[in-house]
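Step one of this worksheet: look at the structure below.
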Amino acid sequence: MKADALRGHLDGLLLATLDGKRLHGYAIIEALQQRSGGAVSLPTGTVYPALRRLERAGYVRSEWSTVGGRQRRTYSLTPSGMRTLNDERRAWREFTAAIDGVLGSPAASVR
C-alpha cells in the first residue's frame, strides 16, 4: 500500500495497534503488517517520529524496559489516546460509509 494512501490515517493506525497493548516500536510495525495482511508496511523513519508526536500530544506514554538484556522503549495508550482512538474509529466508519455510497456497486445505491 502506498504511503500516500495512509496519509491522514497514521495516528489512528498507531493508536489502534496499541489498543490494550504495550509494545515497542518494532513490534508496532510488525503488528501493523500482520493485522493488515502485509498491506501496511511502514518504515521506522515514519513510525518513531509519529510515536513521539503522539506522546507529546498526550495520546501515548512510553517507558523504558529491559527485554532480553536490551533496553527498549514501550508505548501504551493514555485515557486521552483511547478517547482519540474512539473518535478516529467513528470518523472512519462515517468516511467509509460515505465513500462506499459513491464507489460501491450501483445496485446497492438504488433503493
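The values are calculated or read from the model by the stated rules, or taken from the named source; none is laboratory data. Computed from a predicted structure; not experimentally measured. Here Cβ is always computed from backbone atoms with ideal geometry, including for glycine, and neighbour counts include all displayed protein chains.
Considered as a group, the residues in region 59-82 that are under 14 Å from the mean Cα position of the chain (by Cα) and over 15 Å from GLY25 (Cα atoms) include one that is surrounded by the fewest Cβ atoms within 10 Å (Cβ to Cβ), and that residue is MET82.
For region 54-72, which positions are charged (D, E, K, R) and either within 15 Å of LEU85 (Cβ to Cβ) or in contact with a Lys or Arg (Cβ under 9 Å, 6 or more places away or on another chain) (or both)? Steps first, please.
Residues of region 54-72 that are charged (D, E, K, R), as a first pass: 55-56, 61, 63, 70, 72.
If the condition is that a residue be charged (D, E, K, R) and either within 15 Å of LEU85 (Cβ to Cβ) or in contact with a Lys or Arg (Cβ under 9 Å, 6 or more places away or on another chain) (or both), then GLU55, ARG61, GLU63 are the ones that fit.
I'd like to check something: does region 16-32 contain any residue that is hydrophobic (A, V, I, L, M, F, W, C) and in a loop (DSSP other than H, G, I, E, B)? Taking every residue of region 16-32 in turn, none turns out to be hydrophobic (A, V, I, L, M, F, W, C) and in a loop (DSSP other than H, G, I, E, B). Quick check on ARG53: is it within 14 Å of the chain's Cα centre (by Cα), among the basic types (Lys, Arg), modelled with pLDDT of 95 or more and over 19 Å from ALA5 (Cβ atoms)? Judged against the criteria, ARG53 is a match. Considering only region 34-43, I want to know if a residue exists there that is among the polar types (S, T, N, Q), outside any helix (DSSP H, G or I), at pLDDT 90 or above and more than 22 Å from SER80 (Cβ to Cβ). Within region 34-43, one or more residues are among the polar types (S, T, N, Q), outside any helix (DSSP H, G or I), at pLDDT 90 or above and more than 22 Å from SER80 (Cβ to Cβ).
Considering region 57-88 alone, what residues qualify as being polar (S, T, N, Q) and part of a helix (DSSP H, G or I)?
Of everything in region 57-88, those that are polar (S, T, N, Q) and part of a helix (DSSP H, G or I) turn out to be SER80, THR84, ASN86.
Out of the residues in region 83-106 meeting the condition of being of a type in the set (Ser, Thr, Tyr) and at pLDDT below 95, tell me which one is surrounded by the most Cβ atoms within 10 Å (Cβ to Cβ).
Among them, the one singled out is THR96.
Of the residues examined, GLY12 is one that is small (Gly, Ala, Ser) and touching a residue at least 60 places away in the same chain (Cβ under 8 Å).
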